[in-house]
1. Test ARG38 against the criterion of being out of contact with any strand residue (DSSP E or B) (no Cβ under 6 Å at 6 or more places or on another chain), modelled with pLDDT under 75, of a type in the set (D, E, K, R) and closer than 30 Å to MET153 by Cβ, and give yes or no.
2. With ARG142, ARG157, ARG151, ARG110 as the choices, which residue is surrounded by 11 or more Cβ atoms within 10 Å (Cβ to Cβ), of a type outside the set (A, V, I, L, M) and either within 22 Å of the chain's Cα centre (by Cα) or at pLDDT below 90 (or both)?
3. Among the residues of region 121-136 satisfying the criterion of being within 25 Å of the chain's Cα centre (by Cα) and of a type outside the set (D, E, K, R), which is farthest from ARG151 (Cα to Cα)?
4. Could you check region 93-126 and list, in sequence order, the residues that are within 30 Å of PHE50 (Cβ to Cβ) and among the charged types (D, E, K, R)?
5. Residue under question is ASP60, and the condition is that it be modelled with pLDDT of 65 or more and in the same structural domain as ARG162 (by TED's automatic domain parsing); does it hold?
6. For region 1-35, how many residues are over 19 Å from ALA100 (Cα atoms), at pLDDT 80 or above and in contact with a Ser or Thr (Cβ under 9 Å, 6 or more places away or on another chain)?
7. Quick one: in region 113-139, which of the residues that are part of a loop (DSSP other than H, G, I, E, B) and without any contact (Cβ under 8 Å) to a residue 12 or more places away in the chain is nearest to LEU102 (Cα to Cα)?
Amino acid sequence: MCANSYRYHTGGAEPPGEVVEDAVAAVVADFCTKAQHRYDPAKGKLRGFFKAMCNARIVDYLRKEKRMVTNSDWKELAENQMEATPPDFFGGENESYRIALLQSMLEDLRARISPRQYTIFEMVKLKNLPPDQVAAELGVKRGVIDNTIYRVMNVLRDLASRDEYKAEWET
């Protein structure tokens, strides 16, 4: 979100890594100390709240550096850059958001099952190891692996069907 905001306000320039890192660190620090109390789920999604915070930090940085594109330059910039913008220019943000959502779901899953079950799930489903190899490595029968995967997938499906995950995934 911070990198996309930087590109937007500078007319497509790639952000230096330290700028994005500093902006993300500032957003996280602000959210963990006081901004979490300002977030109201009734007013919008957490993603939108973070996007506004990221944008504010990037704008603060650019104002200090006096690097923002002025309003008079936008028309010319839009004409020159519109065709040069790759189609997935802002798509990376959505993909990153979905990956973060999946990681959040995996954290919830980890809290709901035993460490042994999660290890089996991780080896078979996340690392794509063959179940026979996992059974040999862990010293259990193949049936234990299959039953564990079946149970864990049911828990994962239950988590994915929750309204909070369904609503966030559709955005």
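The values are calculated or read from the model by the stated rules, or taken from the named source; none is laboratory data. Because the structure is a prediction, the values reported are computed rather than measured. Positions of Cβ are generated from backbone atoms using ideal geometry, with glycine treated the same way; all protein chains shown enter the neighbour counts.
1. Against the criterion (out of contact with any strand residue (DSSP E or B) (no Cβ under 6 Å at 6 or more places or on another chain), modelled with pLDDT under 75, of a type in the set (D, E, K, R) and closer than 30 Å to MET153 by Cβ), ARG38 does not qualify.
2. ARG110
3. ASN128
4. Passing the criteria: GLU93, GLU95, ARG98, GLU107, ASP108, ARG110, ARG112, GLU122, LYS125.
5. For ASP60, the condition - modelled with pLDDT of 65 or more and in the same structural domain as ARG162 (by TED's automatic domain parsing) - is not met.
6. So the count comes out to 1.
7. Among those residues, the one meeting the criterion is LYS127.
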